[in-house]
Amino acid sequence: MNAIINSFLKRILVIGLLTLGVVAAACAQTTIDFWAVTGSDDDVQMFKHLAANFKAKSGIDVHITPLSWGNFATKYFTSMAAGMPPDIGATNLGGPMDYGTVGGLVDLRKEFPGEIDKLTSHIFPNLLPICSWRGQLFGVPAELSTLAVFYRTDTFERLGLSPPKTWKELEDTIRSLEVAGYHYSFGFPSKSQWALGLYTMPYNLPGIAMTPDDKVEVDWNNPTYIQAVLRALNLWYTHDSPASDQLNRVVGMFRSDDPSIGLPMFIDQPNYFLQLPISAPELKGRWAVIPWPRAEDGKPFFTVGGTTYVIFRKSKHKREAFEWLKYLYSVEAQEAMIVDHANRMTDSTFELSPLVDMWQPGTDAFWRRPDVANVRGLKDTLAPAMPSLTTLASVHGASDASRFEEHILDRMGTFITDLYGTEAAKEGGTRWDLVRKFARGEMKDRESALQSQISAELTKQYREAQPQAVALIEKETRSYDQRFGKVIGDLAAYEQKSNVLTVIKWVALLMMLGGAFAVAAVPKLRKHWVSYLFVSTPVIGAVVFVFIPAATALYISFTQYHPVLPLSSATWTGFSNYVEVATSGDLYKSIVQTTLFLVCSLPLSILISLPLAWFLNQRLVGQRYWRFLYFSPMVTSIVSISLIFTQLFLSSSQGWLNSLLLKIHLVRDPLQFLHSERTFLYCVVAVAIWQGLAFNILIFLAGLQQIPQQLYEAAAVDGASIFRRFRSISLPGLRAQIAFVCILGLIGGFQVFEPMYVLGGGAGEAGNKFGPNDSGMTMVPLVYHTGFETFEMGKSTAIAYILFAVILIFSLVQLRLFRSREEAR
């Protein structure tokens, strides 16, 4: 018996020791957190496979966290502000500048001397400038993309066309297609300010740059720069090409031989090279791809988009993160990524490897493998372009200054569309009719006059914007050196300092402890300690989630502060943020747009919801059905509603509303609902009214049901009409409800954000987020833009408190007016 017990105890001991060993091994194993900006779940699986191989080689575990393109920057900044960033992450090409210059990233040259030089020696050198700043290297370019020209070889042969090799040939080809009745399409990166270098860099004009003596150089008034931008505008707007919201239909239009919808040529990312054989197998042997044409009188230049890998300063595993970084740039990993991307069926892509080695003759054996046979032709097409893929060093303040240029492009897009539409109306036709006439060589004088107007308007816009851009960049550069330079040089010391948030927390805690002590010490209060106990829960919640954040934000509004830096680094500036906000013009513009939104939405919402509520208060057949129909928007997400209305407002003949207007001949050309600064805000008004009707109807319906039915019956006996009963009984009985709806509608109108963001393209990674020319930049979007896009938290919180004051004043005035009327009665 003892032998059995001893044997059992020995087994328990062995199992325990093994368990402890496994736990110890697990604890000793290093796990790094890798955030990847990805386009699909396939990317996540690819990185997990790479991580498994890396772990087998190094023993280091990699945890993969996917980020969508639409909101990755906010998540990165939030994690850095909270002091909990990942160890390493993939971000956009601008990430190194955005995060590195405020102390969020590791300087790879300083942290890993020699090793990083060895790694970057295998990367195309022209790709590194965007990751560099003042001799520091904050990241390494990762997966890249450029653009290519796809064309139908059978259509080109039938029309006697050759694939264009220069910009002039591209323009002539487009005109020949238009003569034959075909459109062409420009997708990525059409209408994007960041891609203007595609047209200006062949002339060595970056737009915004710093000279060797650290002076700002803005080329916007250079005639050559203006002509280059004019060429871009012509390609984007003067050919009546399919709207940007039709780009998901490009493959279908490319397949079509019908001139009314066919696209024998389109410009977009190279990924279509892999998608076309699967989506349009019947076109096998009837299409081809070529690189972006070159300028006739300039050097070849290709735009480049993509991601970079960065290591975060707060990482606890910098060495392990760098080992993962090195592995991702190994030939083994690069080959695995190319194979994975190339074999995803309809989601197959071709990300250009930044590794020089992957484009050298030594990798021919890899490119002859069967699993990459489908991308071999594209690789051969793009290989000559790789040395010309170039990025530019970032300039402080350039992102804010570039917003001026974004607005210019937006305004020019509206200007050109309206100009061609007006000219087409004079001819009694559509824009497409006018474009075809120009393509046939007709009305040359008129086309020349239109081009002169466009050129004059563009020159005027740049002439007005350039001084503002220069002043802004100079101001931002000075501000950075004066404000952030010393902080970033001594971050460790600032992180050890106490800050205002700590003080506010202690004050709040002492106040709550003082309240608890008063209840315990004062007999009169102690009698009701149970009541105070129940009240304490919401009070504590209000203190933690309202008082502390509000007090901290109020303090920040009087400081200059960047959210990535320690709060102790906030510099007191007094009322300068409020003065700057009030005099910058942005606040005035946002108030005007907010007022316009309110004037359009609030009265209409009440005028529509009142009769609907009265209608639903009647005895109707299927009353429950009608009430469900009208109340359903109330329980539907505003984001979902906005996405549905995006389809309603498509700026093409396939948009629901445009299709109706064209069918009943109210318009000749599709209206640019969401792509014109003149109509964007009114589209948001329509969404807001539709979504808010249910709440208003519910309030009014409750009010109507409180009005005695005898009043209506007596009025009917006296011969009062339905309208008279509504005006004399229903409206007076709903004064309190109307006041309530007006006040809440006013507050909601000042706080509108989601429909502006969604309809304005907030889910995208580039371009304006609040409509063309920021026509949807009302007050809350301005708070968001200032705080989470330009990261000026002091100005952002100042705007927020101004918004609070405006809402409070308007609400008090409105409430006072309603009370005065009640007292007068």
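Checking S576, S584, S605, S609 one by one, the residue that is hydroxyl-bearing (S, T, Y) and within 29 Å of G489 (Cα to Cα) is S576 and no other. Taking the range 244-289 as the range and being open to solvent by 30 Å² or more (accessible area, probe 1.4 Å) and among the hydrophobic types (A, V, I, L, M, F, W, C) as the test, the residues that pass are L247, I261, F273, I278, W287. Listed here are the helices (runs of 4 or more DSSP H) enclosed by the range 679-774 that have at least 3 residues being within 30 Å of G787 (Cβ to Cβ): 680-704, 735-750, 754-759.
If you filter the range 204-235 down to residues that are assigned to a loop (DSSP other than H, G, I, E, B) and in contact with a Leu (Cβ under 9 Å, 6 or more places away or on another chain), you find that the one that is nearest to P300 (Cα to Cα) is P206. Selection of the range 590-632 for residues being more than 31 Å from the chain's Cα centre (by Cα), among the aliphatic types (A, V, I, L, M) and either open to solvent by 60 Å² or more (accessible area, probe 1.4 Å) or modelled with pLDDT under 75 (or both) yields L607, I608, L620, V621, L629. Remark: pairs (first residue in the range 330-347, at positive phi; second residue surrounded by fewer than 16 Cβ atoms within 10 Å (Cβ to Cβ) and assigned to a helix (DSSP H, G or I); Cβ separation under 7 Å; 6+ apart in sequence or on different chains) = M345/I278. The residues of the range 42-81 that are closer than 12 Å to T31 by Cβ, in contact with a strand residue (DSSP E or B) (Cβ under 8 Å, 6 or more places away or on another chain) and assigned to a loop (DSSP other than H, G, I, E, B) amount to a single one, I60.
Residue by residue, here is whether (1) within 30 Å of H183 (Cα to Cα); (2) buried (at least 18 other Cβ atoms within 10 Å of the Cβ); (3) touching a Ser or Thr at 6+ places or on another chain (Cβ under 6 Å); (4) free of Cβ contacts under 8 Å to residues at least 60 places away in the same chain holds:
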residue	(1), (2), (3), (4)
A686	no, yes, no, yes
N696	no, yes, yes, no
Q706	no, no, no, yes
R724	no, no, no, yes
S728	no, no, no, yes
R735	no, no, no, no
A739	no, no, no, no
C742	no, yes, no, no
F753	no, no, no, yes
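Within the range 339-357, if we keep just the residues that are buried (at least 20 other Cβ atoms within 10 Å of the Cβ) and among the aliphatic types (A, V, I, L, M), the residue that is nearest to V140 (Cα to Cα) turns out to be L355. Within the range 133-163, being open to solvent by less than 30 Å² (accessible area, probe 1.4 Å), touching a residue at least 60 places away in the same chain (Cβ under 8 Å) and assigned to a strand (DSSP E or B) holds for W133, V140, P141, A142, L144, S145, A148, V149, F150, Y151, R152. Only one entry of E405, E423 meets the criterion of being free of Cβ contacts under 8 Å to residues at least 60 places away in the same chain, touching a helix residue (DSSP H, G or I) at 6+ places or on another chain (Cβ under 7 Å) and either more than 22 Å from L198 (Cβ to Cβ) or open to solvent by less than 30 Å² (accessible area, probe 1.4 Å) (or both), and that entry is E423. Among the residues of this structure, W432 counts as one that is within 30 Å of T173 (Cα to Cα) and assigned to a helix (DSSP H, G or I). From the set of residues in the range 164-203 that are assigned to a strand (DSSP E or B) and under 31 Å from the mean Cα position of the chain (by Cα), which is farthest from F124 (Cα to Cα)? Taking the candidates together, the pick is S185. Within the range 225-235, does at least one residue satisfy the condition of being at pLDDT 90 or above, polar (S, T, N, Q), open to solvent by 10 Å² or more (accessible area, probe 1.4 Å) and farther than 26 Å from R446 by Cα? No, the range 225-235 contains no residue that is at pLDDT 90 or above, polar (S, T, N, Q), open to solvent by 10 Å² or more (accessible area, probe 1.4 Å) and farther than 26 Å from R446 by Cα.
Per this entry, K299 is not counted among residues that are over 30 Å from S192 (Cα atoms), basic (K, R) and outside any helix (DSSP H, G or I). Kindly indicate whether any position in the range 567-574 is in contact with a Pro (Cβ under 9 Å, 6 or more places away or on another chain), among the small types (G, A, S), open to solvent by less than 40 Å² (accessible area, probe 1.4 Å) and in a helix (DSSP H, G or I). Within the range 567-574, none of the residues are in contact with a Pro (Cβ under 9 Å, 6 or more places away or on another chain), among the small types (G, A, S), open to solvent by less than 40 Å² (accessible area, probe 1.4 Å) and in a helix (DSSP H, G or I).
Report yes if R735 is over 30 Å from S637 (Cα atoms) and basic (K, R), otherwise no. No, not satisfied.
Here is the figure for the range 75-86: residues that are surrounded by 13 or more Cβ atoms within 10 Å (Cβ to Cβ) and either in contact with a Gly (Cβ under 6 Å, 6 or more places away or on another chain) or not aliphatic (A, V, I, L, M) (or both) total 8. Of all residues in the range 518-530, those being closer than 22 Å to A508 by Cβ and surrounded by 11 or more Cβ atoms within 10 Å (Cβ to Cβ) number 5.
Looking only at residues of the range 12-35 that are outside any helix (DSSP H, G or I) and modelled with pLDDT under 90, we find that the one that is most open to solvent (accessible area, probe 1.4 Å) is Q29.
Condition first: open to solvent by 60 Å² or more (accessible area, probe 1.4 Å) and outside any helix (DSSP H, G or I). Now tell me which residues in the range 638-667 satisfy that. Those that are open to solvent by 60 Å² or more (accessible area, probe 1.4 Å) and outside any helix (DSSP H, G or I): S653, Q654, I664, H665, L666. Residues that are among the small types (G, A, S) and either over 20 Å from the mean Cα position of the chain (by Cα) or part of a loop (DSSP other than H, G, I, E, B) (or both) within the range 82-117 comprise A82, G83, G94, G100, G103, G104, G114, listed in sequence order. Looking across the range 451-476, the residues that are open to solvent by 50 Å² or more (accessible area, probe 1.4 Å), touching a residue at least 60 places away in the same chain (Cβ under 8 Å) and under 30 Å from T414 (Cα atoms) come down to R463, Q468. In the range 531-556, which residue that is among the polar types (S, T, N, Q) and more than 21 Å from A570 (Cα to Cα) is surrounded by the most Cβ atoms within 10 Å (Cβ to Cβ)? Here the residue is S536. Take the conditions touching a helix residue (DSSP H, G or I) at 6+ places or on another chain (Cβ under 7 Å), open to solvent by less than 50 Å² (accessible area, probe 1.4 Å) and closer than 30 Å to Y462 by Cβ and apply them to A336. Does it pass? When the stated conditions are applied, A336 does not pass them. Taken together, S479, S448, S498 contain a single residue that is under 30 Å from E217 (Cβ atoms) and surrounded by fewer than 16 Cβ atoms within 10 Å (Cβ to Cβ), which is S479. Per this entry, D364 is counted among residues that are farther than 11 Å from L274 by Cβ and modelled with pLDDT under 90. Take W69 and tell me if it is at pLDDT 85 or above, of a type outside the set (D, E, K, R) and open to solvent by 20 Å² or more (accessible area, probe 1.4 Å). In short, no.
The values are calculated or read from the model by the stated rules, or taken from the named source; none is laboratory data. A quick note: this is a predicted structure, and the numbers were derived from the prediction, not measured. For neighbour counting, all protein chains shown are included, and Cβ atoms are generated from backbone atoms with ideal geometry for every residue, glycine included. What goes into the accessible areas is simple: the full protein's heavy atoms, side chains included, and nothing from ligands, DNA or RNA. Shrake-Rupley method; radii C 1.70, N 1.55, O 1.52, S 1.80 Å.
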